[in-house]
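Data first, discussion second: the structure below is written as structure tokens.
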Amino acid sequence: MRFAQEFWLYLVPLVPLLWFVFRAADRRTNRRLVSLLGPEAHTHIEGLNPRLLSWRRFFFLAGLFWLLLALARPQWGANEVSVTQRGSDIVIALDISNSMLAEDVLPNRMGRAITELTSFLNRLEDSRVGLVFFAGSAFVQCPLTLDYGTAEIFLKMAGPDMMSEQGTAIAAALETSRQLLGKDRQGGTKNNFQAILLVTDGEDLEGKWEEQAKACKSEGIKVIPVGVGDKGGGLIPAFDAQGRPDGFLKDEDGNVVMTRLDLASLEKMAGIGGGSSFLVGVDGLAGDRLFAELQRLGKRDLEDRRIASYKERYFWPLMLAVICFAMRLFLHARRPNRPRVSFPLAAGARAVLPVLLLPLLWSSQAGASLRPVGGDEAMAGRESYLLGDFEQALE
């Protein structure tokens, strides 16, 4: 057995706590009654039945318990059902070269890119995602998967230390991503449900990316470049063997390396690849514009899975809760007053009855017979009491 909404189970311990609250309220009420009416205060409460009051509370708390259990939606009796997942394929090609350590955006280009991509994965639905990391070369970090949590774990491992060959080989990134998407292509035909999300600062140090962008377009793969960094550029921090900051990166001539965002190349790539360019810090990877671009890819059947479908059983505790609340309404804590016995009379009888009783009302003997037993003594006692003769009134 399992519960679909386990949150309601955390409220179940409040049921016995509520019983202690009721008990504390009873003790406080009894103390006030005793202080007002004395030790025999409970005898002055007409018609009170403590046993019925306890039963009413029991049914109320029991009904509350079963209601919380019903809200938790108990399920058991699983059946296997076949589910077809529909969506698109997206490969995230992330630049992990040294230039991504530039701090022209906070905290740096790499950290900002990982944060934006994490937000993108949290919003992504019904699409398989893969990861390709590249610098001087490219490799597949995570194959296409629907498990976004696993993809996020691999994404957070990204860093320049994963590549021994530095540089920015965008052509290698596009080729590796295209091959990854091609493994799942049906019959090698052209598809429109695949895209490459290229996240980089745009400085291509190897060249030849235009040929790969055209190859992606010919296979129906949309290339969406995402720029990371500032147009003004930034310096690349350097670190010693112990990982401590050691100034800034320098070239072979001893000059400090300045890295700049090549936005023009990214826009050109977007035009060739059939997509639109984005800029981290302006558009954001979790924005509506990017997801509108991805929705135009279309969807296809990704995979068929057999999952366990549990049967809902909330009806049984809900029925018990209704029964308990109904029993509480049925029981009365106070004994009802005895109803007056009356006999229904026809309308004609009610009209004739005063006429028949009129002669008896003129008779003193009839009037005396209608007076209850002890009525004369009660009248005399009242008159004596009013006159101040208390002993005679008591007698």
>> Being among the acidic types (Asp, Glu), closer than 21 Å to Ile236 by Cα and surrounded by 20 or more Cβ atoms within 10 Å (Cβ to Cβ) is the requirement here; does Asp95 meet it?
In response: yes
> If only one of Phe139, Phe65 is modelled with pLDDT of 90 or more, of a type in the set (Phe, Trp, Tyr) and either assigned by TED's automatic domain parsing to the domain that holds Phe7 or in a loop (DSSP other than H, G, I, E, B) (or both), which one is it?
Replying inline: Phe65
>> Take Gly47 and tell me if it is at pLDDT below 80 and outside the structural domain of Asp230 (by TED's automatic domain parsing).
In response: yes
> Within segment 223-271, which residues are of a type in the set (Phe, Trp, Tyr) and at pLDDT below 70?
Replying inline: none
>> Regarding segment 73-91, can at least one residue be identified that is at pLDDT 85 or above, in contact with a helix residue (DSSP H, G or I) (Cβ under 9 Å, 6 or more places away or on another chain) and farther than 30 Å from Gly182 by Cβ?
In response: yes
> Conditions: (1) in contact (Cβ under 8 Å) with a residue 40 or more places away in the chain; (2) surrounded by fewer than 17 Cβ atoms within 10 Å (Cβ to Cβ). Ile114 meets all but one. Number of the miss?
Replying inline: (2)
> For segment 257-275, what are the residues that are charged (D, E, K, R) and outside any helix (DSSP H, G or I)?
Replying inline: Arg260, Asp262
>> Within segment 166-174, does at least one residue satisfy the condition of being farther than 19 Å from Gly273 by Cα and not in a strand (DSSP E or B)?
In response: yes
> Considering only residues of segment 176-193 that are among the charged types (D, E, K, R) and in contact with a strand residue (DSSP E or B) (Cβ under 7 Å, 6 or more places away or on another chain), which is modelled with the highest pLDDT?
Replying inline: Arg178
> Taking the stated definitions as given, is Asp104 assigned to a loop (DSSP other than H, G, I, E, B) and not β-branched (Val, Ile, Thr)?
Replying inline: yes
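The values are calculated or read from the model by the stated rules, or taken from the named source; none is laboratory data. As the structure is a prediction and not an experimental result, all values here were calculated from the model. Reconstructed Cβ throughout: ideal geometry from the backbone, glycine too, with neighbour counts over all protein chains shown.
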